[in-house]
Structures are given as C-alpha cells and as structure tokens.
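Down below is the structure, laid out as structure tokens.
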Amino acid sequence: MDGIILDLGVSSYQLDTKERGFTYREADAPLDMRMDPTQGITAAEYLNAVSEREFCQILRDYGDEKWAARIAQILMEKRAQKPLQTTGDLVAVVDAAIPKAVRRKDEGHPARRTFQAVRIAVNDEIAPLEQALRDWVDMLLPGGRLA
C-alpha cells in the first residue's frame, strides 16, 4: 500500500447524547461512557473500583491533566461517602479538586480532560490503536505514508 489515511475522531452524536453519559454539561446523566452500551463496564463502575494510583495515571496519560493527583484523591474521598452515579457526580469531583481561580482561567470546561481520560479508559481505546498502527505500518510499501 502506498498510503493509509485514518479518521480517529469520535461521533459527536454519541458524545452529545445525554443518556450516553459522555457529556459534562448534563449533571443528571448516567455515568456510562461506553461506545457500545452492551459491552464492558460503565464509567460509574470503573470510577467506583479504580485505585487512586491508576486513576491518577489515566488522567495524566489520557487527559494530560495537571491536577491528576488531586482529582484522584478527591475521587477516593467522594466515592467513600457515596458511589458516583451521574455525570454531575464526576463534575463535582473535578470542581472540588481544581481551585476556583484556576477553573475561571481555564479555556473550556475544567472537566473536559477528565471525561476524555475516563472515556478512553472505559472503552480501552489505546490498545487496539497501538496494534492497528503496527499492522498498518507493516502493510505500507517503502516510502508509503500513514496519516
């Protein structure tokens, strides 16, 4: 093959549908985030079971979140009081972790990176991509392009 072009974007329809639990703009949506709602664990199940260390790493790796350690710590505290069930519960964790002055300066919603990281973890989006990239590179002819 001379070239391969990838479209790795996610469907905004999926992300914007309140019932799917991807959006931080809807406080009472169920915390699901599964691309296929019939497969795997929900974001709520994941967040109520993940270790503080693993969650911190997920936030750093998949969300490039500067406040990862604090968000992970607050998650542990909040879920000890009551299991997370809604998108609003996760937004409350982020709001409690990030100082108000920082949240005001931030471009976009402060929970966007956390929601992205959780979505990637719940759907195991990285492992298949890593394998696919190795496979596609092997399929390219010398001088071929992968974009």
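The values are calculated or read from the model by the stated rules, or taken from the named source; none is laboratory data. Please read all numbers here as calculations on a predicted model, not as lab measurements. Surface accessibility is based on the protein's heavy atoms, side chains included, excluding ligands, DNA and RNA. Shrake-Rupley method; radii C 1.70, N 1.55, O 1.52, S 1.80 Å.
Counting only residues at least eight positions apart within a chain, or on another chain, the lysines with an alpha carbon under 19 Å from that of residue 105 are 66. With respect to the chain, whose longest principal axis is taken over its alpha-carbon atoms, helix 126-139 is tilted by about 10°.
Above 20 Å lies some portion of the pair distances; for the stretch 1-61, what is it as a whole percent of all C-alpha pairs?
Details: 791 of 1830 pairs.
That fraction is 43 percent.
Calculated from the structure at hand, P(r) over Cα pairs in 10 Å bins from 0, in percent is found among [x] 10, 30, 36, 19, 5, 0; [y] 11, 38, 29, 14, 7, 1; [z] 9, 24, 20, 21, 15, 8, 3, 0 as [y]. Applied to the stretch 55-61, the Karplus parametrisation 6.51 cos²θ - 1.76 cosθ + 1.60 on θ = phi - 60° returns per-residue 3J(HN,Hα) values of 5, 4, 5, 4, 4, 5, 6 Hz, with x for Gly and Pro. Between 54, 130, 19, the Gaussian network model of the chain with springs among Cα atoms under 10 angstrom shows the greatest mean-square fluctuation at 130. Cross-link partners for residue 100 among the aspartates and glutamates, with Cα-Cα distance under 18 Å and sequence neighbours closer than 8 places in the same chain left out: 65, 89. Out of the total accessible area of the chain (probe 1.4 Å, heavy atoms of protein only), what percent is carbon and sulfur? Reported share for carbon and sulfur atoms: 51 percent. Against the chain, whose longest principal axis is taken from its Cα atoms, helix 87-97 shows a tilt of about 80°. Taking all protein chains into account, the per residue accessible area for the stretch 35-147 stands at 58 Å² (1.4 Å probe).
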